[in-house]
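The values are calculated or read from the model by the stated rules, or taken from the named source; none is laboratory data. In this text, all values refer to a predicted model and were calculated from it rather than measured experimentally. When we count neighbours, we look across all protein chains shown, and the Cβ atoms used for this are built from the backbone with ideal geometry, even at glycine. Quick note on the areas: whole protein, heavy atoms, side chains included, nothing else; ligands and nucleic acids left out. Shrake-Rupley method; radii C 1.70, N 1.55, O 1.52, S 1.80 Å.
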Amino acid sequence: MKILKRDSNEPEALELMNELSQILEKITGSSGRGSFNIEDVRSPRSLFAVAYLQEEAVGCGAIRPIDETTAEVKRMYARLSGKGIGSALLNYLETEARKMGYTKLILETRVINRKAVLFYESKSYKRIQNYGKYANRSESVCFEKKLMD
């Protein structure tokens, strides 16, 4: 598997994000598109990454800046389950975030999306009080992970 930084407007990136939106719509009733601005991952100290298996795009993930020390994980998606794609992508995002000077990653997912909740918990993400637009939204659950050198 290889993971590469990509522009979020490239066809492979858009295809993966559209698939993710369709899946989220089925699981949660919301595509998640309203919580993601493609320009947020094209700004300084942000990135969009695509995972490849044998030259096929099989997953994506992004980080966007919140403040000087905190970035938010966005649009995490693995097309194939059980292949380690999500783990590799998240590890890549964490490594790149450290290189950019971030000391913490945060993210939101839906409580009903048990697979995502269990995934982030298994990767040492800790539940935190819902932040920003997710505050006081009982359908949301927020996480953070402090990045160590």
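Under the rule of -39500 (n - 2.57) per DSSP H run of 4 or more residues, summed and divided by the residues of the chain, what mean residue ellipticity at 222 nm is obtained, to the nearest 500 deg cm²/dmol?
Dividing the helical sum by the residues of the chain leaves -9000 deg cm²/dmol.
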Amide H of Lys104 versus every other amide H placed in the peptide plane: which residues, excluding those fewer than 5 positions away on the same chain, fall under 5 Å? Ala71, Leu147
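Quick one: with all protein chains in place, what share of the accessible area of the chain is carbon or sulfur, to the nearest percent (1.4 Å probe)?
Using a 1.4 Å probe with all protein chains present, the chain comes out at 50 percent carbon and sulfur.
With +1 on each Lys and Arg Cβ and -1 on each Asp and Glu Cβ, how big is the dipole of the stretch 110-149 about its Cα centre, in debye rounded to the nearest 20?
100 debye
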Total lysine pairs whose alpha carbons fall under 15 Å of each other in the chain (8 or more apart, or interchain): 18
Cα-projected label distance for Ser124 with Ile66, points at 7 Å along beta-carbon direction, nm: 1.8 nm
Return the label of the correct value of Cα extents along the principal axes in Å, as calculated from the structure shown, out of [x] 55, 30, 28; [y] 41, 36, 29; [z] 46, 42, 32. [y]
Taking the Cα centre of the stretch 18-149 as origin and charging only Cβ (+1 Lys, Arg; -1 Asp, Glu), how large is the dipole, in debye to the nearest 20? 320 debye
Work out the charge dipole of the chain with +1 on the Cβ of Lys and Arg and -1 on the Cβ of Asp and Glu about the Cα centre, then indicate which of Tyr131, Asn37, Ser21 is farthest towards its positive end. Tyr131
Quick one: accessible area per residue over the chain, 1.4 Å probe, rounded to a whole number of Å²? 53 Å²
Given backbone amide H placed at 1.01 Å from N, residues whose amide H is under 5 Å from that of Ile128, ignoring those fewer than 5 places away on the same chain, are Cys142, Phe143, Glu144
Tally Lys/Arg at +1 and Asp/Glu at -1 over every other residue whose Cβ is under 11 Å from the Cβ of Ser8; what's the total? +1
Within the set of other residues whose C-beta is less than 12 Å from the C-beta of Leu80, count the net charge using Lys and Arg as +1 and Asp and Glu as -1. 0
Whole-Hz ³J(HN,Hα) from phi, Karplus 6.51 cos²θ - 1.76 cosθ + 1.60, for the stretch 93-107, glycine and proline x: 4, 5, 4, 5, 4, 4, 4, 7, x, 7, 10, 8, 10, 10, 6
